Amino acid sequence: MKNSVLGKVKIIGVFLMTFFLLFLCFSSYPISAKVPTIVINPGHLVGRDSGAVNNNNNIQEATLNAELASKVAEKLKDIGYDVFLTHPVTGCSIPALLTTQQVIDGYNSNSSLKTIGDAINSKNPDLAISIHHNSGGNASGYEFYWSSYRAGIDNTDIYKVYGLWGNGDFSWRDKSPCNAALKSKDFAELLKANFSGIGIPFRNIIERDDYIPAHTKCPSVLIEAGFVSNDNESRKLADNTYQNDEANRIVKSIKQLFGEVAVKASGIVTSESSQVNNNVFSVNAEQLKMEGSNISGVSFEVYKNGKIVWYDGIYKSADKFTANVPTKDFNYETGLYGINAYVKDSLGNHYRLGTTFVTVANTKITGKVERLESETTG
Ligand SMILES: [Zn+2]
């Protein structure tokens with residue numbers, strides 16, 4: 001009896017010691033950074049809810065929101081972030097969490113914001129950004145909203161403030177904001193710093209409980225990028241060059257929020273005419289390099305006329321992977337094919353390397369097209 005108890009104590013002791021040693025062992029491994037996931041919500045919905053409208057030049061808020069949101073999303077994707085729109089934007093390749101119809105159904109049941117907020121939370125992203133434009137006569141400038149209140153998530157030290165919305169409406173505030181709320185405020189401050197000098201004035205960073213910032217579990221900021229109602233300003237906000245400038249400043253703020261991510265990948269994506277054979281063409285990712293992790297694979301996303309087919313890269317050497325694309329997968333169609341290449345690190349995270357296009361004519365590829373991507377930050 002006594003021996004048996006002693007035996008059990010010994011077994012538990014050995015088990016605990018082993019566990020402790022294993023813990024020491026695993027915790028001493030370097031931890032690779034995960035690619036942050038960002039969700040962008042283009043406010044309102046083109047064709048259903050225009051938001052603010054300028055009656056002099058017919059510039060509509062929903063259009064500006066969609067244009068800026070898609071630019072930010074594409075730029076984030078290009079540098080390796082995991083990025084989603086809340087709903088599809090025409091002409092933008094970034095995947096959406098909801099279909100347009102699901103957002104319309106949300107409008108029809110008077111719960112469009114809840115539909116969007118729930119979709120964002122189900123993705124569990126690292127940051128959510130809502131993009132809007134303002135209305136108010138000839139007022140001018142941009143502002144950033146964050147919420148200290150997190151409905152159903154952090155209900156400690158909550159109190160009401162009247163008058164923030166006018167007409168006796170009220171906003172909830174939180175004396176001890178959760179980390180997601182505090183990081184939202186940090187992000188608003190980064191946006192303020194990076195938007196400085198853009199050509200229209202800074203107005204405010206405002207603590208207010210707009211639905212999305214107040215109901216997302218992650219850090220979340222609503223950007224009011226400028227005034228649609230101001231004739232001059234609205235023309236500027238609709239300008240492609242100005243939108244790219246805005247998008248670059250938002251992307252810079254996101255990179256600063258998350259710091260430098262450890263994994264960097266680079267390489268060249270090519271397709272060569274000599275590789276056409278039996279209606280098959282080859283695509284290559286070569287001169288591959290990855291800092292901070294090992295390359296465990298390459299995937300090629302080939303697209304034509306709205307059809308997308310994925311191919312796993314075949315290992316050629318430590319810095320080269322190849323895939324064979326049978327044109328029968330695309331009904332033997334000729335013309336331009338687009339190819340995105342992604343490298344996979346040892347943790348299974350994907351980093352976009354770049355895009356190349358090939359022209360397939362009579363099952364022969366003409367020319368050699370390649371594009372060197374700048375270094376990709378994961
Ligand atoms: Zn709006």
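The values are calculated or read from the model by the stated rules, or taken from the named source; none is laboratory data. Values in this document were obtained by computation on a predicted structure and should not be read as measured data. Positions of Cβ are backbone-derived with ideal geometry, glycine not excepted, and every protein chain shown enters the neighbour counts. For accessibility, only protein heavy atoms count, side chains too; no ligands or nucleic acids. Shrake-Rupley method; radii C 1.70, N 1.55, O 1.52, S 1.80 Å.
Applying 1/(1 + (r/R0)^6) with R0 = 25 Å to the Cβ-Cβ distance of I158 and N204, what FRET efficiency is obtained, to the nearest 0.05? Provide the component values of the computation, followed by the final result.
Values: r = 23 Å, r/R0 = 0.91.
Approximately 0.65, to the nearest 0.05.
If you take the beta carbon distance between W310 and N108 as r and set R0 to 35 Å, what does 1/(1 + (r/R0)^6) give as a FRET efficiency, to the nearest 0.05? Let's see the in-between values first.
Numbers: r = 35 Å, r/R0 = 1.00.
E between W310 and N108, to the nearest 0.05, is 0.50.
For the peptides 45-51, 69-75, 184-190, 138-144, what is the packing order when you average, over each peptide's residues, the other Cβ atoms within 10 Å and list the highest mean first? Present the calculation step by step, with values, prior to reporting the outcome.
Numbers: 45-51: 16.6, 69-75: 23.1, 184-190: 20.6, 138-144: 18.4.
Going by the mean number of other Cβ atoms within 10 Å, highest first, we get 69-75, 184-190, 138-144, 45-51.
What accessible surface, in Å², does a 1.4 Å probe find on T241, ignoring ligands, DNA and RNA and rounding to the nearest 10?
Number for this one is 100 Å².
What is the pair-distance distribution P(r) of the stretch 159-302, computed from all Cα-Cα distances in 5 Å bins starting at 0, with each bin given as a whole percent?
2, 7, 12, 12, 12, 12, 11, 10, 7, 6, 5, 3, 1, 1, 0
Given a 1.4 Å probe, how much area per residue of the stretch 277-334 is accessible, in Å²?
Numbers: 3210 Å² over 58 residues.
With all protein chains present, the stretch 277-334 gives 55 Å² per residue.
For the stretch 267-353, state the semi-axes of the equivalent ellipsoid (square roots of 5 times the eigenvalues of the alpha-carbon gyration tensor), sorted largest first and rounded to whole angstrom. Provide the component values of the computation, followed by the final result.
On the way: eigenvalues 116, 37, 19 Å².
Those come to 24, 14, 10 Å.
How large, in Å, is the stretch 37-258 by the Kirkwood hydrodynamic radius built from its alpha-carbon pairs?
Values: mean 1/r = 0.0573 Å⁻¹.
Computed over Cα pairs of the stretch 37-258, the Kirkwood hydrodynamic radius comes out at 17.4 Å.
What Kirkwood Rh does the stretch 53-136 have if only Cα atoms enter the pairwise 1/r average? Answer in Å.
Working: mean 1/r = 0.0718 Å⁻¹.
It works out to 13.9 Å.
For the stretch 155-201, what value does the Rg/Rh ratio take when both radii are computed over Cα atoms and Rh is the Kirkwood radius, given to two decimals? Can you show the working numbers first?
Numbers: Rg = 14.6 Å, Rh = 12.9 Å.
Answer for the stretch 155-201: 1.13.
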